[in-house]
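Participant: Here's a structure for you.
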Amino acid sequence: MSKRDKNLFIAAVILGLGLLGAVDGIVFHQLLQWHHMVLSPNIKLEIITDGFFTAAFSTLLVWGGIKIFYDARNNELGNSWQIFLAGMFIGGGVFNLAEGIIDHHILQVHRVKPNADNPLLYDLAFLASGLLLVIVGMLIKRTYKKSKE
């Protein structure tokens, strides 16, 4: 992969991480109200940790945008939609896998749907969605690579 394509891929991974963080925060924290970043009887703690979570994924989105601008300005940015989509899918999948493994299983700060009859099922589905996103991204990237051979 050329340096320009690598720069595009890395920026897309960063954006994918931020985008899936935004989707998680908007869908699970705000719209469905299934959980907060840290489950606690103290609502102020829950809201403040959600704020830190929002700040983190927002930072990733800004960082990805700045990287694209910087690389484009220096004529070091690829233009393949396949590479961009592959990076977005992989970044989003890595977000789900990392957030699911670390927060749901290792730290156990929250579950996807803690009040469900089987909360583990939701946690595993969340991990499966992350794995699926990574696989789709890898397939897109592999298709691009084969088209260049």
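All of the numbers you see were taken from the coordinates with simple rules; none came from a lab. Since the structure is predicted, the reported quantities are computational estimates derived from the model, not experimental observations. Glycine also receives a Cβ, built like all others from the backbone with ideal geometry; neighbour counts cover every protein chain displayed.
Participant: Quick one: dipole size for the chain, taken about the Cα centre, charges +1 on Lys/Arg Cβ and -1 on Asp/Glu Cβ, in debye to the nearest 20.
Facilitator: 700 debye
Participant: Below 25 Å, Cα to Cα, which lysines can residue 67 reach? Residues fewer than 8 away in the same chain don't count.
Facilitator: Qualifying lysines at Cα under 25 Å: 3, 6, 141, 145, 148.
Participant: Enumerate the residues in segment 27-51 having an amide nitrogen under 20 Å from the point lying 7 Å beyond the Cα of residue 107 toward its Cβ.
Facilitator: 27-30, 33-51
Participant: State the Cα centre-to-centre distance between segment 124-149 and segment 1-39 in whole Å.
Facilitator: If you average the Cα positions of each part, the centres end up 16 Å apart.
Participant: Using the charge dipole of segment 3-148 (Lys, Arg: +1 at Cβ; Asp, Glu: -1 at Cβ; taken about the Cα centre), state which of 98, 61, 88 has its Cα farthest towards the positive end.
Facilitator: 88
Participant: Run lengths n ≥ 4 of DSSP H only: what is the helix-derived mean residue ellipticity at 222 nm for the chain, with -39500 (n - 2.57) per run over all residues, to the nearest 500?
Facilitator: -24500 deg cm²/dmol
Participant: Here is a further query. For residue 3 paired with residue 39, estimate the spin-label separation in nm (one decimal), with each label point 7 Å from Cα along the Cα-to-Cβ line.
Facilitator: About 4.9 nm separates the two model spin labels.
Participant: Sticking with this one: For Cα pairs less than 8 Å apart in space and 6+ apart in sequence, what is the mean separation divided by the residue count of the chain, i.e. the relative contact order in percent?
Facilitator: Relative CO of the chain lands at 33 percent.
Participant: Averaging over all projection directions, find the projected area of the Cα convex hull of the chain and quote it in nm² with one decimal place.
Facilitator: 9.4 nm²
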